[in-house]
Amino acid sequence: MTASPSTETQAVQALDSAHFLHPFTDHAALARKGARVMVKAKGIYVWDTEGERVLDAMSGLWCVNVGYGRKELADAAYQQMMTLPFYNAFFQTTNEPAVRLAARLAGLAPQVGDCHFDHVFYSSSGSESNDTNVRLVRRYWDLMGQPQRKVIIGRINGYHGSTMAGASLGGMASMHEQGDLPIPGIEHIDQPYFYDKGKPGESEDEFGLRAAGWLEAKIKEVGPQKVAAFIAEPVQGAGGVIIPPSTYWPEIQRIVDKYGILLISDEVICAFGRLGHWFAYEKFGYRPDLITFAKAVTSGYVPLGGVMVGNRVAQTLIAKGGEFNHGYTYSGHPTACAVALANLDLIERENLVARVKGELGSYFSQRFSALVEHPLVGAAQSCGFVAGLVLVKDKKSKKRFDSSVDVGMICRRHCFDNGLIMRAVGDRMIVAPPLIMSQADIDELMGLIRQALDLTLAELKSRHLF
Ligand code: PXG
């Protein structure tokens, strides 16, 4: 990035700090530095006002699965806006894109055992969708004559959004600190992070069973009759790309079955091809009752989210529920749904799900896991097109950097200054690139990551921190 931006850029930066309160941002610090102003994007790249190009290995924010600049999506939005840009679905009306999308999504969610999805409830984001989940879960148990089942169990470092319910279901300590969260009725168990929490001599599979056991312990602690649901991401995304051991999900399924509680699979990041499946529960073989989706359903081109409502909940709600007093102005937004349909067409036509599951995913995984050879990298793993590595001070002893070093932020700065967008979560560096990446794009990405790691190592050495 150029040291001193143009006067035009500086003018935008000044307006930005005068008026725009950014999400998850230290506003005073940003005002001192000035935000980078992004102006255009194409394929896997984004450009700023200074003409600098960056490879966007985070797909916007885990969402631009089909890449940037897809005319088909702009055309779909234009057509729908000129026909019926918006109409509500509250008062006995519907619209064709919302109906077609619901049916299409139902068709894409595979039936596993008695787990079957015929219905969709729409929102405009992942956070709203998880608020909907809380409403649905509580309504379900009321209708089942068990209104005492109110408690929802989530996980430490899980991310389920930023509304009161979303932030509460999530397990981010920094979010809970602000605003007296979580709200009552939400409990958390620890995350299945083997590198961090595995005991010496314990195998990954043994650890997976132990980590799932924390759910059973929490259910017993709360009282099985009070627990309504467990919510989790198939692979924790914002928590640092924590890929669970293969034993974890089957054991979670056994436990939720044993206690009859609902299972919510928050697939806001993991669905729509990211893990090589339309929906991620299929990959891990579990049977959710509710699935949260958002982001890549439209590849982020317009906001849309929702909940896939499994038959256990949907049938009860429909048969016994009467009016469900919940919904959003934009539930079933025709333009958003039309863009989603065009996006699903693109994913299908370009075989993106199969590409991630097949050769390209294997190539990505092989190249990413090779990063473990770098002196700074303690472990590097991927699952489909999400990947995370941990930066360590000493590989042998697994010694980590002191949090005051903020090693992830050092690495992120070197990425950002050298043409790569990669996220830092504590001492973990993570990527979730667009699914359209070619083998050559993957090679370029890996080269940029290595370069950033080398620059980070050089800086740490020069500061006598390594
Ligand atoms: N669930 C999951 C699993 C998510 O990843 C949400 C819900 C909330 O979605 P909305 O659309 O309300 O933002 C998310 C969002 C990050 C980051 O820094 C991740 C998300 C959002 C913002 C930042 O990795 N995920």
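Taking N as the number of residues in the chain, what value does Rg over Cα atoms divided by 2.2 N^0.38 Å take? Can you show the working numbers first?
Details: Rg = 22.3 Å, N = 466, 2.2 N^0.38 = 22.7 Å.
Taking the Cα Rg and dividing by 2.2 N^0.38 Å, one obtains 0.98.
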Subject >> Cβ-derived FRET efficiency at R0 41 Å, Glu177 paired with His116, nearest 0.05 >> reply: 0.55
Subject >> In segment 146-249, the GluC sites (Glu not before Pro) that fall in loop regions by DSSP, at most 11 other Cβ within 10 Å >> reply: Glu177
Original post:
So how far apart, in nm, are the two label points at Asn418 and Asp257 if each is 7 Å from Cα heading toward Cβ?
Top reply: 4.9
Original post:
If you find the alpha carbon centre of segment 367-389 and of segment 132-169, how far apart are they in angstrom?
Top reply: 34
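Would you please calculate the Kirkwood hydrodynamic radius of segment 6-69 over all C-alpha pairs and express it in Å, rounded to one decimal?
That comes to 12.9 Å for segment 6-69.
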**OP:** At 0.36 nm per residue, minus the direct Cα-Cα distance, what do Lys220 and Glu348 gain on full extension? Give it in nm, one decimal, please.
**Re:** 41.7 nm
Original post:
What FRET efficiency do you get for Ser438 and Lys398 if R0 is 22 Å and r is their Cβ-Cβ distance, rounded to the nearest 0.05?
Top reply: 0.05
Original post:
For segment 341-364 and segment 207-238, what is the separation of their Cα centres, given in Å?
Top reply: 32
Original post:
With each run of n ≥ 4 DSSP H residues scored as -39500 (n - 2.57), what mean residue ellipticity at 222 nm is computed for the chain after dividing by its residue count and rounding to the nearest 500 deg cm²/dmol?
Top reply: -12500 deg cm²/dmol
**OP:** With a ≥ b ≥ c taken as the square roots of the eigenvalues of the C-alpha gyration tensor of segment 318-447, please select rounded if a/c is under 1.5 and otherwise prolate if a/b is larger than b/c or oblate if it is not?
**Re:** prolate
Original post:
Once all Cα-Cα distances of segment 75-349 are split into 10 Å bins that start at 0, what whole-number percent is in each one?
Top reply: 7, 30, 36, 20, 6, 1, 0
**OP:** Pull up the DSSP beta bridges for the chain and report the antiparallel fraction as a percent, rounded to 5.
**Re:** 70
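Rounded to the nearest 0.05, what FRET efficiency is calculated for Ile318 and Phe24 with R0 set to 35 Å and r the Cβ-Cβ distance?
Working: r = 38 Å, r/R0 = 1.09.
Once rounded, the FRET efficiency stands at 0.40.
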**OP:** Put one equal scatterer on each alpha carbon of segment 24-175, apply the Debye formula with no solvent term, and list log10 I(q)/I(0) at q = 0.12, 0.13, 0.16, 0.19 1/Å to two decimals.
**Re:** -0.88, -1.01, -1.32, -1.39
**OP:** For Lys295, go through the lysines and keep the ones whose alpha-carbon is under 23 Å away, minus same-chain ones fewer than eight residues off.
**Re:** Lys40, Lys42, Lys71, Lys283, Lys357
Subject >> Cα Rg, Dmax (largest Cα-Cα span) when computed across segment 45-96, Å >> reply: 16.6, 50
Original post:
In which sequence would Tyr286, Tyr45, Tyr259 go, from the one with the fewest C-beta neighbours within 10 Å to the one with the most?
Top reply: Tyr259, Tyr45, Tyr286
**OP:** Once you have the Cα-Cα distance between Ser203 and Asn325, take 0.36 nm times their residue separation minus that, and quote the gain in nm to one decimal.
**Re:** 39.1 nm
Original post:
By a straight-distance test (C-alpha under 21 Å), which lysines pair with Lys399 as possible cross-link partners, with residues fewer than eight away in the same chain excluded?
Top reply: Lys197, Lys199, Lys461
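Read-outs throughout are calculated quantities, based only on the coordinates presented, and are distinct from any laboratory measurement. For clarity, every value in this text was computed on a predicted model and none was experimentally measured. Using ideal geometry, Cβ is built from the backbone for each residue, glycine included, and neighbour counts are taken over all protein chains shown.
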